[in-house]
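Engineer: Below you'll find the structure I mean.
The values are calculated or read from the model by the stated rules, or taken from the named source; none is laboratory data. Note that the structure is predicted; figures quoted are calculated from it, not measured. Cβ placement follows ideal geometry from the backbone for every residue including glycine, while neighbour counts extend to all protein chains displayed. Surface areas here come from the heavy atoms of the whole protein model, side chains and all, with no ligands, DNA or RNA. Shrake-Rupley method; radii C 1.70, N 1.55, O 1.52, S 1.80 Å.
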Amino acid sequence: METNSETCPFISGQQFTAVDSTYKDDHNKLLWTPQIEPIELRNYQTGESIKVRGPISEMYQDCRHHVCTSTLMSLPAHADQNISASKNITDELEPKSPKYIQKEAYDFLSIYHDDKKTLEIEYKKRLEQVDMEFQQSGTYIQTTDELEYGCQLAWRNAARCINRLFWRTLKVIDRRYVTTNDEMFKEICDHIRVAYNNGTLQASCLVMNPQARLWSTQYLRYAGYEQSDGSILGDPANRELTKVAMKLGWNKPEHERTQWDLLPIIVQADPSLAPSWYELPQDLKLEIFLSHPDTKYDVAIKKLGLRWVIQPFVADKAIEIGGIFYRSVPFSGWFMETEIGRNLCDVQRRNIIPKLAALLDLDITTAANSRLNIDRLYVEINAAVLYSFEKAKISIVDHHTAAAGFMKFMKQEIAQRGNTPADWVWLVPPVSGGMSSLFHQEMFNYVLKPRILDQRDPWTYYTPFLRYEESRKMSAGNKNRRRWLIIRAACVIIRFGLKAMKQRVSVHVLYASASGTAQSYAQQMTKKLMITGYNAKLMELDSYPFQQVNRSRSIVFIITSTFGQGNAPEGGQKVEEWLQKQTNVDIGISNSLSQTNPNGDHPLHWCSYAICAIGSSAYPFFCGFGKLIDHTFQLLGAHRLAPLATCDALNHQYKTYNEWEENTIMTLKAAYPHACSPEKDARSSSFVEQQVSLNTSIRPNFIRLTFDGNSTTAIQSKQTEPFTKDNPFKAVVLKNVELTGTHNNINISSSLSTRKRKLLIPSHFTNLNTDDNRSVRLLVFDTTGLSYYPGDHVCILPENPLANVNGIILACGWKLDNKLLNAPCSLASYTHGKHQTIRQILTHFVDLTTTLRPHTLNAIATYATDSNEQRQILELGKGGQIYTDWWENAPTVKETLHQFPSIRIPLEDLIQLLPQLQPRYYSISSSDRFRPNQLHITVSVVTYMTPHGIIRRGICSNYLQQTTPKLSSNGQPIQAVWQRKPSLVRLFISPNPHFRLPGQEHLSLSMTTKVVTDVPLNSPLLMFAIGSGIAPFRSFWQELQLLEGSQGRFNIERILFMGYRTENDFLYAEELKALTSKTGKTNKLITAVIPVYSRENGVNRRHVQDAMLDYESMIYSLLTEKNAVVYMCGSTRACQGIESTLASIIESCSENNLTLMQANNIIQEYKALGRIKQDMFG
């Protein structure tokens, strides 16, 4: 094959061949080598001389007639490259001609063939294949082996790298098939794990498709925040990258910023995709805190908190292999200690020398230059780096070892291929350079291919950034013209809107919501209908008059969640009762909806409807209430416009809802076209006009904020029934007691005889210690005047933390001491008069801890003054994968405003956009008759960590944890040196008849007197409690204590299985000890308690289901022979596991050879008969 010539990039007119044919040895014919006469390179330290080949100009023996660029941090493009499309920037990575790529491909494949010693027939076949690819596409695709070898050669040829001795060990990860940003980030995470290699760092290279770009210059980079005074907090080298990350949406609140914040990874898998940023998981943020073997330096270094990342991942370079340019090829190696030393000590970087000198009381002024204190400190920092890495057993190399390794590499290269490119300026270590053999070594610097190249930072030519900069430079005349266009567009829209409003079709959007999700979706649907051209009205489901007769045709869209055993949530219970009266359908008793309308009439013949049911498939009655409405509406003659949608919280709920919303509106438009369609009437409009139309349609009509200085907030002197969410009972907190701790150190033992065998029940609780990482609390409220039954729920209305409230106030531009915050205002009408002032509304009415829904983000985007931020918020508002990734971090409202600082939203507008603060449901832990005028709850304080490592706290449990009690744990008034008032907690009762003691299912809170008799005490009970699921069972045993006190104690088996993580979590141990003890002739109230620990020191890791199998004979006897009633309280997963185990026990113990399916059918029959009752939580 003909050799290809190339122009020397440094010396004008010099031609070099791709392969030096003067070397006969195959090992020498590896790479592009200049054809010149041999010349000697001398080492002045050792006196050795080595003959090498080029490149040297035949005309000149030095560079004095040309410009040398070796001292530049980033090498400029070579002089022989063409000018790029921008006309003013030379870019070596501009698209190349097929001729150029083909020539480079031949050269590279020749080198690969020679070095790998492939068969000649295989080599020719490969060339033919490449020729065919060029004919078809003008380029070719390298094999994985070729790619790996090319990357290794590129490292071998990197003139500025001192560690090239190990070039053949480079591990190449081929990920050219990756096409999305999410996949690209996942591969980056995997690359970090491979490269870290448990501390034995692996040289590796991750290769993406040629079009991909990594915006991050390295995986692990510390942020450099520009301060208002011009200083930099963090690493000044990353100031621009930090600005770019913030433009893309990454932003830490100012009060949370530190000088050691790691920047996110910014990726762009294809130029057609917008870049995305990702926070690295906590386990991949690999850092080492520095220490020093000398105590004097160690104290100072630790006081400065010095640290650095464990491994370098260079991500901003490109590689050219055989004419193909790969622009995203992050490379990992290991540090030479001077790299970290420079990062910390260079004046333009961290510049820690002055701070360290101050701590050590060393003079580093110019007057003390002769003392070499700066040099001393610089050396000690390098010593600290080496010491810290070696102590942590992380690979690192010192500069003397690295220099010796390079000298060995250089000699090997000269022996193999005549020379190697080497940049003396970069290779000589910055510490004690003269002591290094490299300092005295002559060397040549030139370019060999495959090669590593610098490339332009991607944000410098990212089109949206460029447009934004251009818009900032817009002339005053253009701005005025733009304002005029906006005003004109607004006039057109208003005129069209007034015309359309007169002829719009009405649609009622109804919701019933337990947590606020269904309500937020209903608000979104209302806005979409308004935009589409319909007169949409939003209201609660119970507020709509379904029972009225002789109505004209109406359209209703119902969005509802489900509560409990497939029942209606608050706001839908009246409709549920009405529907059940009409059809005798009760979803709570039977999950079958096969009943028919007994009356035969069609009271809903006038109604056209569509239903979206919100729920979680973790619950057995998934979307039960929505299914009930759909079924009964059909029975009552209503016309279904669109199929029922079930949106699963565990499976892309928002995506399912969006699809239902889109399909439903399309069906509506086909059945009931609105009179004035924007598509028909709107004139062709400019982009600005379209944006104005979008913004004005998304923003709702807000109540204008005004203040009434003469009015005062109303004080309700007496609480009146009925107590509901809108009229909650205000209960005084009597006690707030921690339940876990050494006071539970109790030893109980008990035995139980069953029909089939005699078993020892291990009801003992010992070695209970305080668990610092977990808190479960007993809260006791004064509820004089409030009634409830064991098994019922209490709904707590939490308060937003003061820090969140103040954060929102400040983010919206108010001062915390503004008196208007506590003045009655017009927003009281927004809360229906429940709250009068802004502070009250922010504290009690709106949810500040929620993660904003997409439709709310779309509205908030209209307040962003930065077009780039507005675009990012609107992307989140689409509800796709970007929103899902953002939502996983659970950002609060305050954090969202900090993330997008250009949002300028009035406080009153934000309040009216936020969802309402919803009540939280707790099982009651007391009996109203056993503890008169009191209500107890068992609260597990919720704290969790997001996938991005941010700690979150449950709003209600943490609010309750911090309430101030009136009494101490022993019931005595708390004596305090300062005046303190016990907390008031707003609550109301939610009856739960499906989880009451036998005989109490049909009791009503409206009864004037409590029913004490007619409650059977002879029903065996089989109870399963998981964690804080013990709560309702405490109300049971208190009720049974009262009843047996008046009726006598029966010899009835009541077995309680309790599942906890560890013995530290055991709750109510003292009470259970008393209940499982036999006193005199009196039988035990609870026959046995069986505790099961799932995380006890990692030994005997068991769950309740495992313990059930140990007592399967007893359980089978209670179920089938003694007709026991089964109660379960715990997470949905735990209750489903217990239910499955019950079926397994029936299958294995039955003498009828039942199949598992038949056993499951028996369990379902028990549930239908009310013999299995479940109180589950998410």
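Engineer: So, of the residues in region 340-368 that are among the β-branched types (V, I, T) and touching a Leu at 6+ places or on another chain (Cβ under 9 Å), which turns out to be nearest to P430 (Cα to Cα)?
Structural biologist: That would be I340.
Engineer: Taking region 543-572, which residues are over 36 Å from the mean Cα position of the chain (by Cα) and not aromatic (F, W, Y)?
Structural biologist: Residues of region 543-572 that are over 36 Å from the mean Cα position of the chain (by Cα), as a first pass: 543-555.
If the condition is that a residue be over 36 Å from the mean Cα position of the chain (by Cα) and not aromatic (F, W, Y), then S543, P545, Q547, Q548, V549, N550, R551, S552, R553, S554, I555 are the ones that fit.
Engineer: Restricting to region 149-184, name every residue that is open to solvent by less than 60 Å² (accessible area, probe 1.4 Å), assigned to a helix (DSSP H, G or I) and either in contact with an Asp or Glu (Cβ under 7 Å, 6 or more places away or on another chain) or polar (S, T, N, Q) (or both).
Structural biologist: Matches in region 149-184: Q152, N181.
Engineer: Continuing with the same structure: Is one or more of the residues making up region 538-545 open to solvent by 10 Å² or more (accessible area, probe 1.4 Å) and in contact with a Gly (Cβ under 7 Å, 6 or more places away or on another chain)?
Structural biologist: Yes, region 538-545 has at least one match.
Engineer: Go through region 292-316 and give me each residue that's surrounded by fewer than 21 Cβ atoms within 10 Å (Cβ to Cβ) and part of a strand (DSSP E or B).
Structural biologist: R307, V309, V314
Engineer: Could you check how many residues of region 891-927 are in a loop (DSSP other than H, G, I, E, B), under 30 Å from L779 (Cα atoms) and open to solvent by 20 Å² or more (accessible area, probe 1.4 Å)?
Structural biologist: Going through region 891-927 one residue at a time, the tally reaches 1.
Engineer: From the set of residues in region 1092-1104 that are outside any loop (DSSP other than H, G, I, E, B) and either at pLDDT 90 or above or among the β-branched types (V, I, T) (or both), which is surrounded by the fewest Cβ atoms within 10 Å (Cβ to Cβ)?
Structural biologist: V1092
Engineer: Select, from I340, I352, I364, the only residue that is more than 16 Å from S432 (Cα to Cα), among the aliphatic types (A, V, I, L, M), surrounded by 13 or more Cβ atoms within 10 Å (Cβ to Cβ) and within 37 Å of the chain's Cα centre (by Cα).
Structural biologist: Of I340, I352, I364, the one residue that is more than 16 Å from S432 (Cα to Cα), among the aliphatic types (A, V, I, L, M), surrounded by 13 or more Cβ atoms within 10 Å (Cβ to Cβ) and within 37 Å of the chain's Cα centre (by Cα) is I352.
Engineer: Which of (1) under 22 Å from R704 (Cα atoms); (2) in contact with a Ser or Thr (Cβ under 7 Å, 6 or more places away or on another chain); (3) modelled with pLDDT of 90 or more is the odd one out, the single condition I924 does not satisfy?
Structural biologist: (1)
Engineer: Another question, if that's okay. Against the condition open to solvent by 90 Å² or more (accessible area, probe 1.4 Å) and within 24 Å of D454 (Cα to Cα), how does I141 come out, does it pass?
Structural biologist: Here the answer is yes, as I141 does meet what is asked.
Engineer: To continue, here is another question. Can you tell me how many residues in region 402-437 are β-branched (V, I, T), part of a helix (DSSP H, G or I) and over 27 Å from V379 (Cα atoms)?
Structural biologist: 1
Engineer: All but one of (1) free of Cβ contacts under 8 Å to residues at least 24 places away in the same chain; (2) part of a helix (DSSP H, G or I) hold for A383, so report the exception by its number.
Structural biologist: (1)
Engineer: Now for a different question. For region 900-911, indicate whether the set of residues that are touching a strand residue (DSSP E or B) at 6+ places or on another chain (Cβ under 9 Å) and either under 21 Å from K528 (Cα atoms) or without any contact (Cβ under 8 Å) to a residue 24 or more places away in the chain (or both) is non-empty.
Structural biologist: Yes: one or more hits.
Engineer: Next question, about the same structure. Going through region 774-820 one residue at a time, which ones are part of a helix (DSSP H, G or I) and either basic (K, R) or buried (at least 19 other Cβ atoms within 10 Å of the Cβ) (or both)? Before the answer, list the steps.
Structural biologist: The first filter runs over region 774-820 and keeps only residues part of a helix (DSSP H, G or I), leaving 802-811, 819-820.
Scanning region 774-820 gives N804, V805, G807, I808, I809, A811, K819.
Engineer: If you scan region 504-518, which residues turn out to be of a type in the set (G, A, S) and either assigned to a loop (DSSP other than H, G, I, E, B) or crowded, with 24+ Cβ neighbours inside 10 Å (or both)?
Structural biologist: Matches in region 504-518: A512, S513, A514, S515, G516, A518.
Engineer: Any idea which residue in region 999-1046 is least open to solvent (accessible area, probe 1.4 Å), counting only those that are at pLDDT 80 or above and β-branched (V, I, T)?
Structural biologist: If we take residues in region 999-1046 being at pLDDT 80 or above and β-branched (V, I, T), then I1030 is least open to solvent (accessible area, probe 1.4 Å).
Engineer: Could you say whether any residue in region 261-274 is farther than 25 Å from A383 by Cβ, open to solvent by 40 Å² or more (accessible area, probe 1.4 Å) and touching a strand residue (DSSP E or B) at 6+ places or on another chain (Cβ under 6 Å)?
Structural biologist: The answer is no; no qualifying residue exists.
Engineer: Separate question: Given the criterion acidic (D, E), more than 20 Å from V314 (Cβ to Cβ) and either open to solvent by 10 Å² or more (accessible area, probe 1.4 Å) or outside the structural domain of E875 (by the TED database) (or both), identify the matching residue among E187, E240, E254.
Structural biologist: Only one candidate passes the filter, namely E254.
Engineer: Pairs please, first residue from region 251-262 and in contact (Cβ under 8 Å) with a residue 24 or more places away in the chain, second anywhere and open to solvent by 30 Å² or more (accessible area, probe 1.4 Å), Cβ atoms under 6 Å, 6+ apart in sequence or on different chains.
Structural biologist: P253/H898; Q259/L233; L262/K285
Engineer: Considering region 942-985 alone, what residues qualify as being without any contact (Cβ under 8 Å) to a residue 12 or more places away in the chain, over 24 Å from E279 (Cβ atoms) and not in a loop (DSSP other than H, G, I, E, B)?
Structural biologist: Selection gives P973 alone.
Results for (1) of a type in the set (F, W, Y); (2) at pLDDT 90 or above, shown as yes or no for each residue.
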position: Y789; (1), (2): yes, yes
position: L821; (1), (2): no, yes
position: L848; (1), (2): no, yes
position: P854; (1), (2): no, no
